[in-house]
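Accompanying notes for the structure given below.
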Amino acid sequence: MKIFKSGLKMWGSIIVAAVISFFLCISMNIICSALFTYETGYKAFVYETETSEKSIAEYDYAYTDKDGDGKDDGTDTKKEEYEDEGYTVITVKQRSTLTGAGKTVFLVSTQVLSLIMVIAFASNASYKQGFKDSNLVKIGHTKNDTLKGFKIGFIGNIPFLAIFVMAVVMSVGLAPDFRTVWYAFLNSHYYSAVMWITGNASTLSQLGILQYVLLFLLQLIVPVISGVAYILGLKEISLSEKIVYKKEVN
């Protein structure tokens, strides 16, 4: 019963980590887009007057830079023609998509930060429980159960295991068009890992068995972290103290 209660408490912790990771993904995407993307042109909307509500025409204009000076060398003749006829042309900037190095920086940085949060949220309570149980085991008030942390972590990760099962069910016919990026956002604390695993697949139905196996393995991270943390607590091992001690010795 105590294991179940501890697992339920971890539910909230992991969900909080996922929610924070969701906003982290959005923030890092904005930052990386600003750093690694550039203006490719604009979309133009043509109105009869400045106060018109509906455009009479619209078109795309791509920038050119023939001499490599970073400036647009083209001329939007359509815009000039419409303006000469008295129409109002309003433009909206278009930017390149986040690819290559920029996308790699976004995915790696987001996943590293999210994983740090998962480790912190999944290990704290389990370590304390293990430390508490170590004394109870010594005086014979409780049995030694080295798997207790894994059990707590498994129960604590049930919401996301349920999402994984839902994804499998939808992929076989219930909702085959469910997009992989939506699944990634539902697992925001593993967003980058999910995007790497799913690759170019846009929907769940396009995923293969190996990809689903890897997605399932992601759901074992919390139980493993919780299990290791509990064992460390049970053996009264403090990694932070060991690191600090080594630094002081050096």
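Things worth noting here:
Conditions (1) over 19 Å from the mean Cα position of the chain (by Cα); (2) among the small types (Gly, Ala, Ser); (3) at positive phi, marked per residue:
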| position | (1), (2), (3) |
| --- | --- |
| Phe4 | yes, no, no |
| Ala18 | no, yes, no |
| Met28 | no, no, no |
| Ala44 | yes, yes, no |
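- Here Leu98, Leu113 are screened, and the one residue that is in a helix (DSSP H, G or I) and of a type outside the set (S, T, N, Q) is Leu113.
- Taking the numbered list (1) out of contact with any helix residue (DSSP H, G or I) (no Cβ under 8 Å at 6 or more places or on another chain); (2) assigned to a helix (DSSP H, G or I); (3) among the aliphatic types (A, V, I, L, M) in turn, Ile90 passes all entries but (2).
- All told, Tyr127 falls short of being closer than 30 Å to Gly208 by Cα, assigned by TED's automatic domain parsing to the domain that holds Ile221 and buried (at least 20 other Cβ atoms within 10 Å of the Cβ).
- Residues satisfying the criterion are present in region 43-58 (criterion: assigned to a strand (DSSP E or B) and free of Cβ contacts under 8 Å to residues at least 24 places away in the same chain).
- Qualifying residues in region 173-193 (those that are within 13 Å of Ile163 (Cα to Cα) and among the aliphatic types (A, V, I, L, M)) - the one surrounded by the most Cβ atoms within 10 Å (Cβ to Cβ): Ala184
- Residue among Ala57, Ala62, Ala101, Ala44 that alone is closer than 30 Å to Ala193 by Cα and of a type in the set (A, V, I, L, M): Ala101
- Looking at region 150-250, the helices (runs of 4 or more DSSP H) lying wholly inside it that each contain 3 or more residues that are modelled with pLDDT under 95 and more than 22 Å from the chain's Cα centre (by Cα) sit at 221-234, 239-249.
- Filter result for Asp133 (part of a helix (DSSP H, G or I), acidic (Asp, Glu) and more than 30 Å from Lys43 (Cα to Cα)): yes
- Per the conditions (1) touching a residue at least 40 places away in the same chain (Cβ under 8 Å); (2) surrounded by fewer than 21 Cβ atoms within 10 Å (Cβ to Cβ), the sole criterion not satisfied by Ala229 is (2).
The values are calculated or read from the model by the stated rules, or taken from the named source; none is laboratory data. The structure presented is a predicted model; accordingly, all values stated were derived computationally and were not measured. Counting neighbours? That spans all protein chains shown, and the Cβs are built from the backbone with ideal geometry, glycine included.
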